[in-house]
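Since the structure comes first, as structure tokens, the remarks are kept for the end.
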């Protein structure tokens, strides 16, 4: 079952792209809250005409930063675990929800930025901030600077509502279970399409910020389950977890977060950005691996109830 978010007061005060109404949705499975919450912030594939008119790149090139089909890959996992799946409709090239709210490259705007903006992060400096400047190995998205006022508009209409929805899902899970686990879903270039430090051969990378955002037992359950199906699994290298994982993962407060990066060669043709048939088998393997996590939570709750 799918639900769209209600329009917020912030959104009402700004003009929004009609193609991106709603900006995201939540697939709900199960009548009662699950301890697991799935998030897919980079699989959005709706490119509004106003954005395409601003960009100097063609739609296919803009899609190179998209986690193509990741929401589809994890839908069976959410269904099997009776868990919600939050998925963005807006594309990553337009707005990246896996960044700080004000992590921005000042070179892409028509005036000075507020003093609180983080312009010094590695990601912002590389043109990969909350509003990206670059896609596809350094190609400029815009041929003219964006108005500074566009920052607050995109944050109010897209970024803030997405994170409010994610916060509410996690709060509901933790209220019901006493704990919650966010699974942040992503894809990564294959070794054949990666460069430098990304030239590795892992099928899956699990990021828990080196054990700081998720109980190590949970990461181990997921890793062992995926290895059972023959996948090569790495932890934290080269992807240790982005803003979402770091921001929401607080094990001491009963909130855990783990990022999953899937090698794109496992389920798609990276040159044409088309999904291939193996994606169905991969999706089932991911579903059963996540079901082991759900069983871990069920076992923990049964153990605590027996004490």
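Would you mind stating whether residue 130 is under 26 Å from residue 94 (Cα atoms) and in a loop (DSSP other than H, G, I, E, B)? Outline the logic, then answer.
Working: under 26 Å from residue 94 (Cα atoms): yes; in a loop (DSSP other than H, G, I, E, B): yes.
Yes, satisfied.
Name the residues in region 110-122 that are over 24 Å from the mean Cα position of the chain (by Cα) and under 24 Å from residue 244 (Cβ atoms), would you? Give the derivation first.
To start, the set of residues in region 110-122 that are over 24 Å from the mean Cα position of the chain (by Cα) comprises 110-116.
Answer for region 110-122, where residues must be over 24 Å from the mean Cα position of the chain (by Cα) and under 24 Å from residue 244 (Cβ atoms): 113, 114, 116.
Suppose we filter region 238-267 for residues that are in a loop (DSSP other than H, G, I, E, B) and at pLDDT 95 or above; how many remain? Full working, then the answer.
Here is the first cut: in region 238-267, the residues in a loop (DSSP other than H, G, I, E, B) are 238-242, 249, 254, 267.
Next, only the ones that are at pLDDT 95 or above stay: 239-242, 249, 254, 267.
Count: 7.
Within region 227-237, how many residues are touching a strand residue (DSSP E or B) at 6+ places or on another chain (Cβ under 7 Å) and not in a loop (DSSP other than H, G, I, E, B)?
Residues that pass the stated criteria total 4.
Scan (1) touching a helix residue (DSSP H, G or I) at 6+ places or on another chain (Cβ under 6 Å); (2) more than 30 Å from residue 27 (Cβ to Cβ) for the single condition residue 76 breaks and write down its number.
The number of the failed condition is (2).
From 87, 92, which residue is part of a loop (DSSP other than H, G, I, E, B), modelled with pLDDT of 95 or more and in contact with a helix residue (DSSP H, G or I) (Cβ under 6 Å, 6 or more places away or on another chain)?
Just a single option satisfies the conditions, and that option is 92.
Considering each of 220, 187, 225 in turn, give the residue that is in contact with a helix residue (DSSP H, G or I) (Cβ under 6 Å, 6 or more places away or on another chain) and either surrounded by fewer than 19 Cβ atoms within 10 Å (Cβ to Cβ) or closer than 28 Å to residue 56 by Cβ (or both). Don't jump to the end; show me each part of the working.
Numbers: 220 fails: in contact with a helix residue (DSSP H, G or I) (Cβ under 6 Å, 6 or more places away or on another chain); 225 fails: either surrounded by fewer than 19 Cβ atoms within 10 Å (Cβ to Cβ) or closer than 28 Å to residue 56 by Cβ (or both).
The unique qualifying residue is 187.
Whether any residue in region 283-292 is over 22 Å from residue 96 (Cα atoms) and in a strand (DSSP E or B) is what I want to check. Walk me through how you get there before you give the answer.
Here is the first cut: in region 283-292, the ones over 22 Å from residue 96 (Cα atoms) are 283-292.
Narrowing further to those that are in a strand (DSSP E or B): none.
Looking for residues that are over 22 Å from residue 96 (Cα atoms) and in a strand (DSSP E or B), one finds none in region 283-292, hence no.
Mind listing whichever residues of region 136-163 are crowded, with 18+ Cβ neighbours inside 10 Å and assigned to a loop (DSSP other than H, G, I, E, B)?
141, the sole residue that qualifies.
The values are calculated or read from the model by the stated rules, or taken from the named source; none is laboratory data. These numbers come from a predicted model, not from an experiment. In this analysis, Cβ positions are derived from the backbone assuming ideal geometry, glycine residues included, and neighbour counts consider all displayed protein chains.
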